[in-house]
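Laboratory data are not the source of any read-out in this text; all were calculated from the coordinates shown. All values derive from a computational prediction rather than experimental measurement. Please note: Cβ atoms are built from the backbone with ideal geometry, for glycine as well, and neighbour counts cover all protein chains shown.
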Number of protein chains: 2
Amino acid sequence: MTTLWKNRYAQRLQRMGRSVIRELLKYTEQPDLISFAGGLPAPELFPIERAREAAARILTTNGVHALQYGPTEGYVPLREYIVQRMCRYGIHAKAENVLITNGSQQALDLIGKLLLNPGDRVLVEEPTYLGALQAWNAYQAEYLPVPGDDDGLRVELLEATLRHGPKFMYVLPNFQNPGGTTLPIERRLEIVRLSHKYGIPIVEDDPYGALRFEGEHLPPLVALDSDFQTRAGLESHGYMEGNVIYLGTFSKTLAPGLRLGWVVAPVEVVEQLVMAKQGVDLHTSTFNQMLAWEMVKDGFMDEHIRVIRRVYGERRNVMLAALERYFPEGCSWTRPEGGLFLWTRVPEWIDTAELLKEAVKHKVAYVPGFAFYTEPGRGRNTMRLNFSNARPAQIEEGIRRLGELLKQVIAARR
Amino acid sequence: MTTLWKNRYAQRLQRMGRSVIRELLKYTEQPDLISFAGGLPAPELFPIERAREAAARILTTNGVHALQYGPTEGYVPLREYIVQRMCRYGIHAKAENVLITNGSQQALDLIGKLLLNPGDRVLVEEPTYLGALQAWNAYQAEYLPVPGDDDGLRVELLEATLRHGPKFMYVLPNFQNPGGTTLPIERRLEIVRLSHKYGIPIVEDDPYGALRFEGEHLPPLVALDSDFQTRAGLESHGYMEGNVIYLGTFSKTLAPGLRLGWVVAPVEVVEQLVMAKQGVDLHTSTFNQMLAWEMVKDGFMDEHIRVIRRVYGERRNVMLAALERYFPEGCSWTRPEGGLFLWTRVPEWIDTAELLKEAVKHKVAYVPGFAFYTEPGRGRNTMRLNFSNARPAQIEEGIRRLGELLKQVIAARR
């Protein structure tokens with residue numbers, strides 16, 4: 001009877017894009033392998049003790065609430081906390097602008113569910129976050145890629161693409177995944193301007209914004225959008241009535257295992273996302289939301305983020321120095337000012353997906369860059385390197401192994 | 001700029017069915033109101049102390065694992081535990097047949113994502129679980145309703161409907177939501193037989209199966225399907241290669257606030273659900289999965305379920321006795337052998353949605369039955385009553401209030 005299911009699933013499965021990456025990464029699970037492939041935070045920085053205390057407090061004083069069903073919108077004190085955090089970034093929201101999601105991945109899915117009909121087009125920077133493509137492939141989205149450079153999305157190419165009428169633009173302004181690039185203020189302003197000119201909304205994905213090691217914080221698109229409307233003298237509907245859906249997450253600051261993210265959006269958008277989420281999973285774990293709130297409510301987050309920034313900044317430095325030392329001529333890489341990833345180009349004729357098979361034998365792994373492109377064949381000589389998860393000595397050693405391999409491959413060709 | 005979002009969302013929103021229920025239930029949040037409306041477990045039975053101990057143990061011994069990203073399929077020890085539990089019900093699965101979901105609501109969404117194209121038809125018992133309709137409305141499903149009676153789905157009407165080619169049948173065999181009905185063995189066997197005859201798979205939703213107060217346990221459809229294949233001499237592909245996707249949950253036995261459910265299905269189906277879930281939210285909270293496993297691993301569940309059964313059985317008895325005492329002539333109700341709900345019919349000319357507005361003034365609430373039907377206009381004189389959440393004295397008092405109101409309404413008509 002297996003054919004019963006096979007037949008029914010085949011068509012849809014193709015659309016959903018069985019991940020080549022998934023297959024490749026199976027080989028990276030050897031214990032002595034140094035992996036730059038995942039997007040995992042440094043586990044030694046997890047606030048475990050704090051989580052233990054918070055869990056005990058909640059289950060001592062408020063267990064009935066923590067274990068019961070809760071509202072789809074999320075736990076009100078956590079939504080209010082997010083409002084406060086957002087305020088620092090110039091985002092003037094209220095609790096009703098905030099929806100709690102199961103990590104920001106769920107926000108991407110809910111946005112697809114609400115906005116995308118089959119064949120609808122999404123404007124994306126290329127390369128872009130693989131998980132967004134996975135979420136929207138399920139809704140049969142098409143993509144309008146706009147190339148990025150070392151400063152992110154090339155806005156001078158944006159207008160021509162907007163004329164093709166995408167449903168929305170998907171932008172990661174800070175320490176982009178996978179590029180590690182950051183949009184300068186001029187590019188941000190231009191994106192917002194064009195959003196209004198063409199009436200195309202923006203999905204702003206900002207998982208790493210708090211993790212800046214150097215340089216100055218830049219305002220998010222959602223804040224610039226609000227300013228733009230004020231300056232343009234557009235009718236004010238109060239806060240958060242603009243063109244941007246902003247996505248944040250606790251995965252990179254608190255812990256990914258709690259699966260907690262959030263959306264900040266106009267009230268009417270939040271209401272509709274809530275309707276969608278109700279059908280999807282009723283609500284996000286009450287216990288986890290209360291746990292996060294209990295962990296952060298007394299100002300712990302600032303102190304904790306300072307530690308993460310310092311450690312990740314050091315690891316980035318170690319990786320940059322090792323790349324300089326061990327990688328052969330003809331390679332180049334980005335120099336991220338924050339986040340978890342940097343992006344490397346190797347000589348054009350090297351296929352990093354093929355190279356990965358060899359790299360794994362040398363006990364080192366990365367994600368081949370092609371995975372972050374919307375069409376096959378592009379980005380074949382690129383790779384994404386994560387610097388948050390491995391310790392400095394491992395980073396040094398892993399980059400050494402990868403550099404040696406590249407040198408061997410180049411020498412063998414001569 | 002609000003119109004920007006409005007325009008884009010309007011079409012899709014309609015399909016997703018802004019819930020009338022949601023609006024109605026807003027009025028039920030007064031503190032002194034006795035609500036039979038929700039599907040909430042009895043909070044005083046939550047194993048809070050056990051959760052507290054389990055959380056402390058996990059975060060003392062294995063915090064790094066609990067707070068990190070995890071596999072999409074779920075936490076292996078929990079999947080293996082589910083395999084053992086399922087075995088008692090005659091379901092011979094392996095860990096690779098099990099996917100952990102965010103409550104079984106997420107399983108309904110993932111199944112829709114995988115199986116349903118716009119306009120695809122789903123065969124449902126009528127009335128049926130509102131949340132399933134909400135999940136599949138988002139995929140633009142159409143419904144082929146088959147009426148139920150006091151023994152659940154009327155299988156003598158099934159064959160004619162199967163000829164219309166539904167994508168799958170959605171069945172709740174035990175203590176159905178909202179009807180409280182249980183399918184007798186003969187009906188179960190006939191459903192499985194027809195599933196094979198017409199090549200139409202079954203989604204078996206079993207959130208309450210463990211909560212039987214009286215009568216004998218009946219085998220789930222997934223087990224009967226396996227037997228059917230063996231008897232029919234169909235080629236064996238090993239365990240779990242059949243026609244049924246089975247859904248279970250910890251929400252009614254452990255705690256809904258953890259958002260933990262599971263799917264048991266053929267391996268190829270699980271693999272595809274995993275691909276879908278990856279794009280939807282990467283995975284279910286590692287911490288919550290470890291917490292559930294830590295709570296149940298030493299046999300706690302059996303003891304705990306015995307307590308729940310006893311308490312819910314008592315509450316059902318109180319509700320049945322109160323209905324007998326206070327409800328006027330011309331009303332009838334089901335007598336569930338387990339679960340959380342019973343189903344009541346009032347005289348044909350009474351609209352329970354209208355009546356609810358009055359009921360709320362009398363400080364009592366329920367869900368009007370129309371919400372569980374696929375087409376407007378049906379089931380207007382029915383209501384779903386939950387007996388798990390309120391305490392016995394409240395149940396008695398709430399049914400008294402509702403009975404008095406019904407008598408007033410009937411008297412006023414004469």
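Name the shape class, rounded, prolate or oblate, that the alpha-carbon gyration tensor gives for the protein assembly as shown, where a ≥ b ≥ c are the square roots of its eigenvalues, rounded holds for a/c under 1.5, and otherwise prolate holds if a/b is larger than b/c and oblate otherwise.
Values: a/c = 1.80, a/b = 1.58, b/c = 1.14.
Because a/c hits 1.5 or more and a/b exceeds b/c, the protein assembly as shown counts as prolate.
If we count other beta carbons within 10 Å of each Cβ, what is the order of B:281, A:206, fewest first?
Values: B:281 29, A:206 21.
Neighbour counts put them in this order, fewest first: A:206, B:281.
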### Query
So how far apart, in nm, are the two label points at residue A:76 and residue B:375 if each is 7 Å from Cα heading toward Cβ?
4.2
### Task
Any chance you could give the angle, 0 to 90 degrees and rounded to 10, that helix A:286-296 forms with the longest Cα principal axis of chain A?
80
### Query
Dipole magnitude of chain A about its Cα centre, charges +1 at Lys/Arg Cβ and -1 at Asp/Glu Cβ only, in debye to the nearest 20?
1140
### Query
How many nm is it between the label spots at residue B:216 and residue A:163, if each spot is 7 Å from the Cα in line with the beta carbon?
7.6
#### Entry: Charge dipole (region B:68-299, unit charges on Cβ, about Cα centre) - positive-most of B:81, B:284, B:185
B:284
### Query
Inter-copy label distances at residue A:49, 7 Å along the Cα→beta-carbon direction, one decimal in nm, shortest first?
2.9
### Query
Listed highest first by mean packing, meaning other Cβ atoms within 10 Å per residue, what order do A:402-410, B:188-196, B:345-353 come in?
B:188-196, A:402-410, B:345-353
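Quick one: of the DSSP bridges fully inside chain A, what percent are antiparallel, nearest 5? Spell out each step's value before the answer.
Numbers: 20 of 38 bridges.
Rounded to the nearest five, the antiparallel share is 55 percent.
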### Neighbour-count order for B:264, A:76, fewest beta carbons within 10 angstrom listed first
A:76, B:264
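Could you work out, residue by residue across B:94-106, how many beta carbons of other chains sit within 10 Å of that residue's beta carbon, and then give the average as an integer? The partial results should precede the final answer.
Details: counts 0, 0, 0, 0, 0, 0, 0, 1, 9, 6, 2, 7, 6.
Rounded to a whole number, the mean comes out at 2.
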### Query
Suppose R0 equals 35 Å; then what is the FRET efficiency for residue A:150 and residue A:53 from their Cβ-Cβ distance, rounded to the nearest 0.05?
0.20
#### Entry: Peptide-level mean, for B:58-69, of C-beta atoms on other protein chains within 10 Å
6
### Task
Report, for residue B:30, each distance to the same residue's label point in the other copies, shortest first and in nm; define the point 7 Å along Cα→Cβ.
7.0
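Can you put A:246, A:170 in order, fewest other beta carbons within 10 Å first? Provide the component values of the computation, followed by the final result.
Details: A:246 29, A:170 26.
By the 10 Å Cβ count, ascending, the order reads A:170, A:246.
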### Query
How large is the charge dipole for region A:65-297, taken about the Cα centre, if only the Cβ atoms of Lys, Arg (+1) and Asp, Glu (-1) carry charge, to the nearest 20 debye?
380
### Message
Which residue in chain B puts its Cβ closest to the axis that rotates chain B onto chain A, and at what distance in whole Å?
### Response
B:55, 2
### Message
Highest mean first, how do A:293-304, A:210-221 rank when packing is the count of other Cβ atoms within 10 Å averaged over residues?
### Response
A:210-221, A:293-304
## Note on the structure
Here the correct list, in nm and shortest first, of distances from residue A:297 to the same site in the other copies, label points 7 Å along Cα→Cβ, is 3.1
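For region B:223-319, what mean projected area does the convex hull of the alpha carbons give, in nm²? Let's see the in-between values first.
Details: hull surface 36.8 nm².
If I average the Cα hull's projected area over directions, I get 9.2 nm².
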### Query
Helix A:185-198 sits at what angle to the longest principal axis of chain A, using alpha carbons and giving 0 to 90 degrees rounded to 10?
60
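Quick check for me: using +1 on Lys/Arg Cβ and -1 on Asp/Glu Cβ, what's the dipole size of the protein assembly as shown about its Cα centre, in debye to the nearest 20?
Details: 98 positive and 98 negative charges, 18 e Å.
I would put it at about 80 debye.
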### Task
Report, for region A:180-305, the % of DSSP beta bridges that are antiparallel, rounded to 5.
50
### Query
With axes computed from alpha carbons, what is the tilt in degrees of helix A:221-231 against the longest principal axis of chain A, rounded to the nearest 10 within 0 to 90?
50
### Message
Of A:356, A:145, A:116, which is farthest towards the positive pole of chain A's charge dipole, taken about the Cα centre with +1 and -1 on the beta-carbons of Lys, Arg and Asp, Glu respectively?
### Response
A:356
#### Entry: Spatial separation of Cα centroids for region B:103-146 and region B:375-414, in angstrom
29
### Task
Report, in deg cm²/dmol and to the nearest 500, the calculated mean residue ellipticity at 222 nm for chain A, where each DSSP H run with n ≥ 4 adds -39500 (n - 2.57) and the sum is divided by the residue count.
-14500 deg cm²/dmol
### Task
For region B:68-299, report the convex hull volume of the alpha-carbon atoms normalised per residue, in Å³, without decimals.
119
